[in-house]
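The values are calculated or read from the model by the stated rules, or taken from the named source; none is laboratory data. Bear in mind that the values here come from a model prediction, so they are computed numbers and not experimental data. Using ideal geometry, Cβ is built from the backbone for each residue, glycine included, and neighbour counts are taken over all protein chains shown. The protein model used for the area step is the full one, side chains on, heavy atoms only, and it has no ligands, DNA or RNA in it. Shrake-Rupley method; radii C 1.70, N 1.55, O 1.52, S 1.80 Å.
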Amino acid sequence: MKLFDSELKVLDVLWREGDITAKRLAEILHEQVQWSKTTTYTVIKKCLDKGVVSRGEPNFVCHALISRQQAQEMETTELINKMYGGMPDQLVSSILWRKDLSGEEIERLKKIIEKLN
C-alpha cells in the first residue's frame, strides 16, 4: 500500500500526539502546514479508507492503526520495488557508495551488517 505525503503528515501527528479528535488534528495541521479543516478531513477520510487510521466516538477521535516502523517498512519496500527492481542489495549498495557518508555512519552500517550474520 502506498501512503502519500499528506497521509503521512496525518499519521505523524497521531504518532506524536496519540489519539486526538479530528478537530484538534485539523488545528495542528493548520499550524504546521496551513491546511484548511476541509483538507485535513479529506486526508483523514483517505486514511480511514486505507485502514491506517480508525475513527472513534464521541467527537471523531482518530487513532493510528499502524506504527511509524510499519509505515517505514511499507515505504522502504515500495522504494526497493520501484527504484531497485525489488533488489534490496541494490539499495544498500547505492547507500554505501555515497561519497558523503561519515566514518561514524559507516561504522553503524558495519555493525548492522555484523548483527545479521
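Just checking, does region 72-93 include any residue being free of Cβ contacts under 8 Å to residues at least 24 places away in the same chain, assigned to a helix (DSSP H, G or I) and closer than 30 Å to Lys23 by Cβ? Checked against the condition, which is being free of Cβ contacts under 8 Å to residues at least 24 places away in the same chain, assigned to a helix (DSSP H, G or I) and closer than 30 Å to Lys23 by Cβ, region 72-93 yields at least one hit. Just one of (1) touching a helix residue (DSSP H, G or I) at 6+ places or on another chain (Cβ under 7 Å); (2) touching a residue at least 24 places away in the same chain (Cβ under 8 Å); (3) in a loop (DSSP other than H, G, I, E, B) fails for Lys46. It is (3).
Results for (1) out of contact with any helix residue (DSSP H, G or I) (no Cβ under 6 Å at 6 or more places or on another chain); (2) at pLDDT below 95; (3) of a type in the set (Lys, Arg), shown as yes or no for each residue.
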residue: Ser54; (1), (2), (3): yes, no, no
residue: Cys62; (1), (2), (3): no, no, no
residue: Pro88; (1), (2), (3): no, yes, no
residue: Ile95; (1), (2), (3): yes, yes, no
residue: Leu109; (1), (2), (3): yes, yes, no
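Close contacts from region 1-12, counting a first residue that is free of Cβ contacts under 8 Å to residues at least 60 places away in the same chain and a second that is of a type in the set (Asp, Glu) and not in a loop (DSSP other than H, G, I, E, B), with Cβ to Cβ under 8 Å and a gap of 6+ residues or different chains, come to none at all. Of everything in region 4-27 that is of a type outside the set (D, E, K, R) and under 13 Å from Ser67 (Cα atoms), the residue that is surrounded by the most Cβ atoms within 10 Å (Cβ to Cβ) is Val10.
Restricting attention to region 28-43, the residues being loosely packed, with under 14 Cβ neighbours inside 10 Å and outside any loop (DSSP other than H, G, I, E, B) number 5. When region 94-117 is filtered for residues that are open to solvent by 80 Å² or more (accessible area, probe 1.4 Å) and part of a loop (DSSP other than H, G, I, E, B), the ones remaining, listed by number, are Trp97, Arg98, Lys99, Asp100, Asn117.
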